[in-house]
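Beneath this line is the structure, given in structure tokens, with notes to follow.
The values are calculated or read from the model by the stated rules, or taken from the named source; none is laboratory data. Just so it is clear, the model here is predicted, and its values are computed rather than measured. Here the Cβ is made from the backbone with ideal geometry for all residues, glycine too, and neighbour counts use every protein chain on show. Protein only, heavy atoms only, side chains kept; ligands, DNA and RNA dropped before computing areas. Shrake-Rupley method; radii C 1.70, N 1.55, O 1.52, S 1.80 Å.
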Amino acid sequence: MSENGADREQWGSRFGFIMAAAGSAVGLGNIWRFPYITGMNGGGAFVLIYLAIVFIIGFSVMLAEMGIGRAAGLNAVGSFKKLGGGAWPLVGWMGVIAGFLILSFYGVVAGWTIAYMIKSFTGLMEAGAAGKAGDLFGAFVSSPAQVVAYQALFMFATIWIVFRGIGEGIEKYCKLMMPALFVILLVLILRAVTLDGAGKGLEFYLKPDFSKVTGGTILAALGQGFFSLSLGMGCMITYGSYLNKKEALPSAAMTVVFLDTMVAFLSGFAIFPAVFAFGMEPAAGPGLTFITLPSVFAKMPMGSVFSFLFFLLLFFAALTSSVSLLEVCVAYFKDELGWSRAKASWVLGLVIFALGVPSALSLGGHFPKIAGKDFLDAVDFLSSNVLLPLGGIFISLFAGWVWLDGARKEVTNQGSHPFPVETAWIWVCRVVAPLAIAWIFVKGLKW
Ligand code: PHE
């Protein structure tokens, strides 16, 4: 087992670390899931609840994870072994397993974004204009060869970046892709909000409707916040372990929460005005992204270009997240089992690809359902609604009770860096976050 020695890889700069961590957070969850959930859960009212949750609970858990990782200088399992011992490494284990599972289906949906970049110029606009974007999507996901081929392509890109390492791989590519993502998002927003009739979309998206706020809304906000910020599975532990001791952690964690939330929020501005301007219905889930939006782009001048840009945006967002999922697994096999980075990246990447094939096949009905759910949805449910919240509860309890002294020292750089809300942070970790998450966990466990 390699200790936190001079030979451990490190981020080249604070900016690189923040782009990588924000890259992990900003993903498919922000660009298609957040806007749709917001629209359905009371618009502006939901946004206010979401903001409170991510800036209080999300920030606290993120800081705890970064602190644990940096203090130990190890992967998720090794960090808990070193700082906690006992049964605590099981929390890291759960994280590694979540990494395998989430990436297995994430790679499938991310593969679709590559297919749709190509389709933007080869028939998607024609199908959209003829009202047949839904048929095209259906035919695509029911073609096993195509879906698996694009999944393989996406997994290859993920493996290749992780194989190149922290500085030369993840950091370098996140530093390119994240700024590009912001630019593309701004272009799409400008296009959408300048369409005639855009206002109705903004109204649907943002007009606070408190009558739609129920217990379920808060649940939706917590669940969305956790997945969106990549919390509860050791991603930020692993990324924190490559950060040098001089950087201030609270401001880094705050910046990542801020960037993630901003991209989620802004995505709605790129999507809803366009959807409403062309008189489409804001449909749910994958449909909005892969069916409704292509039909919207089909009606715009230069639609294929905007369509391509949109799927490129999704591709960048997905790739900077998938590398963090693979890195959680790779770091574990490297630190704990002594594998080389090359061996771990390729072997684990291929195993995860294979694990994802049933998900890839399930949407076209080529794989048996699990208790009524498509295989992809079942894996998503198990990892996002079970493993992540459980991980979040244990990570906060660990920082707030078990490793308290160490946590305080780590987030203040041994007392040399002031953290004005330290006491509040500790109490969120001790009580607020575990209780709130336990509550979503119990309430949200409806299959
Ligand atoms: N945060 C990513 C998204 O919003 C998904 C993710 C979850 C990535 C957990 C890493 C860990 O798409």
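Exactly one residue among Ile49, Ile31, Ile56 is closer than 26 Å to Leu219 by Cβ, within 14 Å of the ligand (Cβ to nearest atom) and either outside any loop (DSSP other than H, G, I, E, B) or modelled with pLDDT of 95 or more (or both), and that residue is Ile31. Among the residues of the stretch 284-328, the ones that are among the charged types (D, E, K, R) and closer than 20 Å to Gly268 by Cα come to 1 in all. When the helices (runs of 4 or more DSSP H) confined to the stretch 276-387 are screened for residues that are within 16 Å of the ligand (Cβ to nearest atom) and among the small types (Gly, Ala, Ser), those reaching at least 2 such residues are found at 303-337, 341-362. What about Phe140, is it among the aromatic types (Phe, Trp, Tyr), in a helix (DSSP H, G or I) and surrounded by fewer than 23 Cβ atoms within 10 Å (Cβ to Cβ)? The answer is yes for Phe140. Checking each residue of the stretch 111-118 against the condition of being of a type outside the set (Phe, Trp, Tyr), open to solvent by 10 Å² or more (accessible area, probe 1.4 Å) and without any contact (Cβ under 8 Å) to a residue 24 or more places away in the chain gives at least one match.
Of all residues in the stretch 389-430, those that are part of a helix (DSSP H, G or I), polar (S, T, N, Q) and more than 28 Å from the chain's Cα centre (by Cα) total 1.
For Thr261, are the conditions met, namely being part of a helix (DSSP H, G or I), more than 24 Å from Leu186 (Cα to Cα) and within 15 Å of the ligand (Cβ to nearest atom)? Spell out how you get there, then give the answer.
Values: part of a helix (DSSP H, G or I): yes; more than 24 Å from Leu186 (Cα to Cα): no; within 15 Å of the ligand (Cβ to nearest atom): yes.
It is false that Thr261 is part of a helix (DSSP H, G or I), more than 24 Å from Leu186 (Cα to Cα) and within 15 Å of the ligand (Cβ to nearest atom).
The set of residues in the stretch 171-230 being within 21 Å of the chain's Cα centre (by Cα) and outside any helix (DSSP H, G or I) consists of Leu229, Ser230.
Assessment of the stretch 406-413 against the conditions (among the hydrophobic types (A, V, I, L, M, F, W, C) and either open to solvent by 10 Å² or more (accessible area, probe 1.4 Å) or free of Cβ contacts under 8 Å to residues at least 40 places away in the same chain (or both)) yields no matching residue. Any residue in the stretch 62-80 that is more than 27 Å from Arg408 (Cβ to Cβ), among the polar types (S, T, N, Q) and open to solvent by less than 20 Å² (accessible area, probe 1.4 Å)? No: the stretch 62-80 contains no residue that is more than 27 Å from Arg408 (Cβ to Cβ), among the polar types (S, T, N, Q) and open to solvent by less than 20 Å² (accessible area, probe 1.4 Å).
Criterion first (closer than 30 Å to Cys329 by Cα and small (Gly, Ala, Ser)) does Ala180 satisfy it? Steps first, please.
Values: closer than 30 Å to Cys329 by Cα: yes; small (Gly, Ala, Ser): yes.
The answer is yes for Ala180.
Across the stretch 81-98, the qualifying residues are those that are among the β-branched types (Val, Ile, Thr) and open to solvent by 10 Å² or more (accessible area, probe 1.4 Å), and the one among them that is farthest from Phe394 (Cα to Cα) is Ile97.
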